[in-house]
1. Do we have any residue at all in the stretch 71-78 that's more than 14 Å from residue 114 (Cα to Cα) and basic (Lys, Arg)?
2. Examine the stretch 77-90 for a residue that is among the aromatic types (Phe, Trp, Tyr) and over 16 Å from the mean Cα position of the chain (by Cα), and state whether such a residue exists.
3. Which of the residues that make up the stretch 13-43 are closer than 17 Å to residue 106 by Cβ, in contact (Cβ under 8 Å) with a residue 24 or more places away in the chain and surrounded by fewer than 16 Cβ atoms within 10 Å (Cβ to Cβ)?
4. Restricting to strands (runs of 3 or more DSSP E) lying wholly in the stretch 44-113: which have 1 or more residues that are under 18 Å from residue 4 (Cα atoms)?
5. Could you tell me which of the residues 88, 46, 10 is surrounded by 16 or more Cβ atoms within 10 Å (Cβ to Cβ), without any contact (Cβ under 8 Å) to a residue 60 or more places away in the chain and charged (D, E, K, R)?
6. Just need a number here: residues in the stretch 114-148 that are under 30 Å from residue 73 (Cβ atoms) and either assigned to a helix (DSSP H, G or I) or modelled with pLDDT under 55 (or both).
7. Has the stretch 15-30 got at least one residue that is in a strand (DSSP E or B) and among the hydrophobic types (A, V, I, L, M, F, W, C)?
Amino acid sequence: MAQPKIVIVEDNVSLADIYKTRLELIGYQCIVAYDGVQALSTIQQERPNLVLLDLMVPKIAGDQILATMRANDWGKDIKVYIISNLNEVDAPAGLRAMGIEGYAVKANLTNDDLDKLVDSILKPPTQTEAVELDARDPYDPNITAPQQ
């Protein structure tokens, strides 16, 4: 199975490198875009499983990147998680209506939180509880139907 692919849209080079390194260590393929123009080009070309999107990036703002993605076949179904310095109440209106997986404020997000957040979006949940299966053969003529 191919590694899930993530495009990280972040203009802070040091922070982008931290995100990229951490996520690659836990099994993701990461590509960084440092501005909005590069982000749209990379997302359209790579068709990632997830975009980690900063709202305040140069050239094209994050909300416009998201709007452009959602307006095009190539980007309408790509999962997007916003990671910004802005509190969500101060962010442009309508982000959730455009279909995002969630929103986090950078200052409140630890590196471990980032790992867990991405895993929760991209890795299917594992079955943690035991399920008892009825091992009886329903076609066995020796089994009678439950009495009503």
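The values are calculated or read from the model by the stated rules, or taken from the named source; none is laboratory data. As the structure is a computational prediction, the values presented were derived from the model and not from experiment. Note that each Cβ is placed from the backbone with ideal geometry, even for glycine, and that neighbours are counted across all protein chains shown.
1. Keep residues of the stretch 71-78 that are more than 14 Å from residue 114 (Cα to Cα), which gives 71-78.
Within this subset, residues satisfying the condition of being basic (Lys, Arg) are 76.
Yes, the stretch 71-78 has at least one match.
2. Looking only at the stretch 77-90, we keep the residues that are among the aromatic types (Phe, Trp, Tyr), and these are 81.
From what is left, the residues that are over 16 Å from the mean Cα position of the chain (by Cα) are none.
The answer is no; no qualifying residue exists.
3. Of everything in the stretch 13-43, those that are closer than 17 Å to residue 106 by Cβ, in contact (Cβ under 8 Å) with a residue 24 or more places away in the chain and surrounded by fewer than 16 Cβ atoms within 10 Å (Cβ to Cβ) turn out to be 15, 18.
4. Details: elements: 50-53, 79-84, 102-105.
In the stretch 44-113, the matching strands (runs of 3 or more DSSP E) lie at 50-53, 79-84.
5. Working: 88 fails: surrounded by 16 or more Cβ atoms within 10 Å (Cβ to Cβ); 10 fails: without any contact (Cβ under 8 Å) to a residue 60 or more places away in the chain.
Within the list 88, 46, 10, the selection yields 46.
6. Step one: list which residues in the stretch 114-148 are under 30 Å from residue 73 (Cβ atoms), which gives 114, 117-125.
Retained after the next criterion (residues that are either assigned to a helix (DSSP H, G or I) or modelled with pLDDT under 55 (or both)): 114, 117-122.
Total satisfying the criteria: 7.
7. Of all residues in the stretch 15-30, those in a strand (DSSP E or B) come to 29-30.
Okay, now just the ones that are also among the hydrophobic types (A, V, I, L, M, F, W, C), so 30.
Looking through the stretch 15-30, at least one residue is in a strand (DSSP E or B) and among the hydrophobic types (A, V, I, L, M, F, W, C).
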